[in-house]
1. Over the stretch 15-151, with every protein chain in place, what whole percent of the accessible area is carbon and sulfur at 1.4 Å, could you tell me?
2. Tell me which label goes with the value of Cα Rg over 2.2 N^0.38 Å computed from the coordinates here: (i) 1.53; (ii) 1.07; (iii) 1.12.
3. When ranked by the protection proxy of mean other Cβ atoms within 10 Å per residue, highest first, what sequence do the peptides 136-145, 59-68 form?
4. Given Cα pairs under 8 Å that are at least 6 residues apart, what percent is the relative contact order of the stretch 1-108?
5. Please compute the contact order of the stretch 92-144 in relative form: average sequence separation of alpha-carbon pairs under 8 Å and at least six residues apart, divided by the residue count, as a percent.
6. With the other protein chains left in place, how much accessible area per residue, in square angstrom, belongs to the stretch 1-134 at a 1.4 angstrom probe?
7. Given the options 49, 22, 140, identify the residue whose Cα lies farthest towards the positive end of the charge dipole of the chain (+1 on Cβ of Lys, Arg; -1 on Cβ of Asp, Glu).
8. Could you state the number of Å between the C-alpha centres of the stretch 38-52 and the stretch 79-157?
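The values are calculated or read from the model by the stated rules, or taken from the named source; none is laboratory data. These figures come from a predicted structure and were not determined experimentally. In this analysis, Cβ positions are derived from the backbone assuming ideal geometry, glycine residues included, and neighbour counts consider all displayed protein chains. Surface areas here come from the heavy atoms of the whole protein model, side chains and all, with no ligands, DNA or RNA. Shrake-Rupley method; radii C 1.70, N 1.55, O 1.52, S 1.80 Å.
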Amino acid sequence: VSGGAITGTLRGYVVADAFRDAAGNPSVAANGQQSFDTQAPTQSVTAAQLFADVPVANTPVAPGDPSTDPTPRLTISLDAVLAIDETLQLFRDGGVTVVGSFIGGSPATIFTYTEATTLGAGAHSYSAQIIDSAGNIRALDLVVGAGGAADPYTFTI
């Protein structure tokens, strides 16, 4: 199958005596099917905002700006709910380890992650993706309107 992301079912049929093994035994008639899914999730970010609570609670931190809070809070708004088989995953500092995740199946479209680790001084970033149960991934653009396909949300402490 080629030409884009699709879902469907592959079916195969083998007629009797179509093949013989090394001992000369004939194949028996058989059929089978296998479902497939190459369709990535389709949600997009409508807004993403980092908030600092130090020294003043709920202070917005724009992408690329400094923050005085070593445990900031990131809020992500999606244009549609997560399906039951989809998970929103957050990564920090270009890492491959998920630092936060939200499982689909609820009517929520706004997700908030509060940093569990005290971040050190320097540059930091958050990136996000949605992954479904078939392993299809959609990288999310956390800097809405910046023109990048999947820009991370960067800030400094």
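1. With neighbouring chains kept in place, the figure for the stretch 15-151 is 56 percent.
2. (i)
3. 136-145, 59-68
4. 18 percent
5. That works out to 34 percent.
6. Computed with neighbouring chains in place, this is 58 Å² per residue.
7. 22
8. 7 Å
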